[in-house]
1. Percent of alpha carbon pairs in segment B:39-98 separated by more than 17 Å?
2. What accessible area, summed over both chains, is buried at the B-A interface (1.4 Å probe, Å², nearest 100)?
3. First select every other residue whose beta carbon is under 14 angstrom from the beta carbon of residue B:39; then total the charges, Lys and Arg +1, Asp and Glu -1.
4. Evaluate the distance, in nm, between pseudo-label points positioned 7 Å from the Cα of residue A:46 and of residue B:86 along their respective Cα→Cβ axes.
5. May I ask you to give the solvent-accessible area per residue for chain B, in square angstrom, as obtained with a 1.4 angstrom probe?
6. How long are the semi-axes of the equivalent ellipsoid of segment B:1-66, defined as square roots of 5 times the Cα gyration tensor eigenvalues? Whole Å, largest first.
7. Amide H neighbours of residue B:181 under 5 Å, at least 5 residues apart or on other chains, H built in the peptide plane: list them.
8. What length, rounded to one decimal in nm, is gained on full extension from residue B:149 through to residue B:108, with 0.36 nm per residue of separation minus their alpha-carbon distance?
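The values are calculated or read from the model by the stated rules, or taken from the named source; none is laboratory data. Since we're looking at a predicted model, the values are computed, not measured. Cβ placement follows ideal geometry from the backbone for every residue including glycine, while neighbour counts extend to all protein chains displayed. To get the accessible areas, we keep the full protein, side chains included, count just its heavy atoms, and leave off ligands, DNA and RNA. Shrake-Rupley method; radii C 1.70, N 1.55, O 1.52, S 1.80 Å.
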Amino acid sequence: MATLLVIAFWTAASVALALALSRLQNRTSAPQAAPFLGGGTPDTHAWQRYHFRAYTMTLLFIAFEMEMMFMYPWAVVFVSEGLKAMAEMGMFLTILAVGILYGWREGVFRWE
Amino acid sequence: MSWLARLAAGAPAPVYPVIGEGAQPRVERLFASAALERAQSPRAAALLLVSGNIPEAHREALDRVHDQVPRPRLGLHWEGDDGIEERLLDAWRTLCAGATGDADRLPDEPPNPWEGEGDFGQGGEGMMGGVPYGRPMAMTGEDVRDGLELDRYTARVGPFAPMLPPGLVLEVTLQGDVIVACDVLSPPYPQPEDADDPALCAARMLRLLGLPGPADRLIRGGAAHAIGARRAIPRGLGRLENAGDARMRFADALRGRNGGAADGIFDTLIGLEWSEAALALASVTPSALRQAALEVA
């Protein structure tokens, strides 16, 4: 019961505060609600779908993330297996490096 | 006047300048003062400073900007007479003391009223077919970079946009913030020769780069001391025949030299991001830009 009262009190307090603030503030007029374009006007709403071109970033993420994912268990095995595990990791990294080199050629590291 | 209002009145006065014909250099010099703050949008301002002649065709745009300054607001006219800084500070103190300020000039009605039709009151059928508040949604078009079908946003920017030269009205179509189409609807206002002063030209670019401090120092006659500002301008931006790129023109302006003609500058804007386009336009002198705009408008 006490918990409910506390919740009810804070809810009422926040609603009262929000109402008081909304009355204090000047009401936004229609020209103020329009986007500011230095006196110009838009043809359409500003809500638009654009592509953030994640594919190159995804390639890079997979190249590095797969590397790290494999390296943690490998670090444990490396202690017992030694040079053999080292060679295996070398092969794995080489294959991944091809992906990174491909990404480089595609301009993954260039921010656009 | 409460202690809070007194404290606010002591702060730099936030002013949005509306620059008309022949007023650009004097307004730019005025805002090198530490007592005034040049607001980046009317929303951040309390005072509207109208300087120089505003053509009749741009009166409505002026009224729109005036109404976009939140209440309480005050508008002032300045024709180059002395004592403007004191007038602005007086107006700012008056507002802080509780003055009601200027009334709205445009009717308080939405430009596109609510239609009240459709499943969600969007005024039409389907997800994209509606015209919420009587204004259509953006429709798709081919992207200039890779041909993906993405939404296009078309708007007219100016004549009082802070990032564009005063008077210039551009009809731009954007995909994300990349310009895919750009038309000049109105050329920049004629300005006195003084506006081509290399210090003012470099200061405009510094301001766009987000460095108002070095810009003010330059206008006051000192050195910019803006380390790395030149390198912040992308290489090859706004490259023109016989006039180099924006980075080179900025370096020249810092050395006190002015660039030449700006023919073809508007063609270089396609494919640029909005911020880069503003920088490219600011990299040429106002007189050269007006000449280039008159040729394509």
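1. Every Cα pair in segment B:39-98 considered, those over 17 Å come to 43 percent.
2. Numbers: alone 15320 and 10500 Å², together 22540 Å².
The contact between A and B buries close to 3300 Å².
3. Neighbourhood net charge equals +3.
4. The two pseudo-label positions are separated by 4.0 nm.
5. For chain B, the solvent-accessible area averages 46 Å² per residue.
6. Numbers: eigenvalues 131, 45, 12 Å².
Value: 26, 15, 8 Å, ordered largest first.
7. Amide H to amide H, under 5 Å and 5 or more residues apart or across chains, residue B:181 pairs with B:173.
8. Between residue B:149 and residue B:108, full extension yields an extra 11.1 nm.
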